[in-house]
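A.B. asks: First the structure, then my questions, so here it is.
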Ligand code: B12
């Protein structure tokens, strides 16, 4: 199962997007490790410790903080892609995209975000449209 770290990089009170995105990813079959508001070093160490396949950042506050996280991830977890969202002004979006970060501003569809997570991690596949599940869940998991 692909693992995604989700964290907020700023102190602002706009939590709702982070929660909605986390739930959509979880419902799509990803394992979501929700850090909440976190310092850069905690995001980087969680990415390494949890062997994450993708890092999702809700960008708040200064873009320089996010760029430092990207620098540190390049060293500590090379090749782990990053995608982002939140109330991001266009100039910040351009700056992050120049670093290879896909940015989903307010109004982005959750399906687009889930599709990007699938593409960036190459999994999990969407549920089959017909037929029983291969391994149906049991009472005790
Ligand atoms: C609800 C709201 C609040 C709520 C937040 C509730 C909560 N728990 O989230 C409260 C009342 C707390 C709030 C406070 C403030 N707010 Co406010 N708020 C809004 C409002 C009306 C809706 C935001 C929202 O919830 N949208 C729905 C969510 C789902 O959208 P989202 O967070 O953007 O998430 C989407 C994407 O960004 C993306 N995404 C988000 N996170 C992630 C993460 C990853 C990994 C990925 C891939 C994608 C992703 O996916 C989501 C789905 O599309 C907007 C205006 C508007 N109509 O957009 C203003 C708005 C965001 N707020 C604004 C402001 C200025 C403030 C205050 C500073 C106001 C004040 N003077 O006090 C304070 C901040 C307080 C603080 N301590 O930081 C401004 C921001 C301006 C700016 N450019 O920075 C806005 C745009 C209003 C405006 N037009 O001025 N706010």
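The values are calculated or read from the model by the stated rules, or taken from the named source; none is laboratory data. Computed from a predicted structure; not experimentally measured. So basically every Cβ, Gly included, is an ideal-geometry build from the backbone, and we count neighbours across all protein chains shown.
A.B. asks: Being more than 13 Å from the chain's Cα centre (by Cα), at pLDDT 95 or above and more than 20 Å from residue 60 (Cβ to Cβ) narrows it down to one residue among 40, 29; which is it? It would help to see each step written out before you state the result.
C.D. replies: On the way: 40 fails: more than 20 Å from residue 60 (Cβ to Cβ).
None of the others qualify; the one that does is 29.
A.B. asks: Quick check on residue 76: is it surrounded by 18 or more Cβ atoms within 10 Å (Cβ to Cβ) and in contact with a helix residue (DSSP H, G or I) (Cβ under 6 Å, 6 or more places away or on another chain)? Talk me through it step by step, then tell me what you get.
C.D. replies: Details: surrounded by 18 or more Cβ atoms within 10 Å (Cβ to Cβ): no; in contact with a helix residue (DSSP H, G or I) (Cβ under 6 Å, 6 or more places away or on another chain): yes.
No; evaluated as a whole, the condition is false for this residue.
A.B. asks: Hey, another quick one. Anything in the range 45-63 that is within 16 Å of the ligand (Cβ to nearest atom) and either in a loop (DSSP other than H, G, I, E, B) or more than 14 Å from the chain's Cα centre (by Cα) (or both)? List them, or say none. If you could, list the steps in order and put the result at the bottom.
C.D. replies: Our first condition is that a residue be within 16 Å of the ligand (Cβ to nearest atom); within the range 45-63, this holds for 46-47, 50, 52-63.
Within the range 45-63, 50, 52, 53, 59, 60, 61, 62, 63 qualify.
A.B. asks: Hey, another quick one. Quick check on my filter: what residues within the range 1-15 are within 7 Å of the ligand (Cβ to nearest atom) and modelled with pLDDT under 95?
C.D. replies: From the range 1-15, those within 7 Å of the ligand (Cβ to nearest atom) are 6, 11-15; that's our starting set.
11, 12, 13, 14, 15 - these are the residues of the range 1-15 that are within 7 Å of the ligand (Cβ to nearest atom) and modelled with pLDDT under 95.
A.B. asks: Looking only at the range 93-119, which residues are more than 10 Å from the ligand (Cβ to nearest atom) and either within 18 Å of residue 18 (Cβ to Cβ) or assigned to a loop (DSSP other than H, G, I, E, B) (or both)? First the steps, then the outcome.
C.D. replies: Applying the first criterion (more than 10 Å from the ligand (Cβ to nearest atom)) to the range 93-119 yields 93-100, 111, 115, 118-119.
Selection gives 93, 96, 98, 99, 100, 111.
A.B. asks: Let me ask another. So residue 25 fits all but one of (1) over 23 Å from residue 112 (Cβ atoms); (2) in contact with a strand residue (DSSP E or B) (Cβ under 9 Å, 6 or more places away or on another chain); (3) part of a helix (DSSP H, G or I); what number is the exception?
C.D. replies: Single failed check for residue 25: (1).
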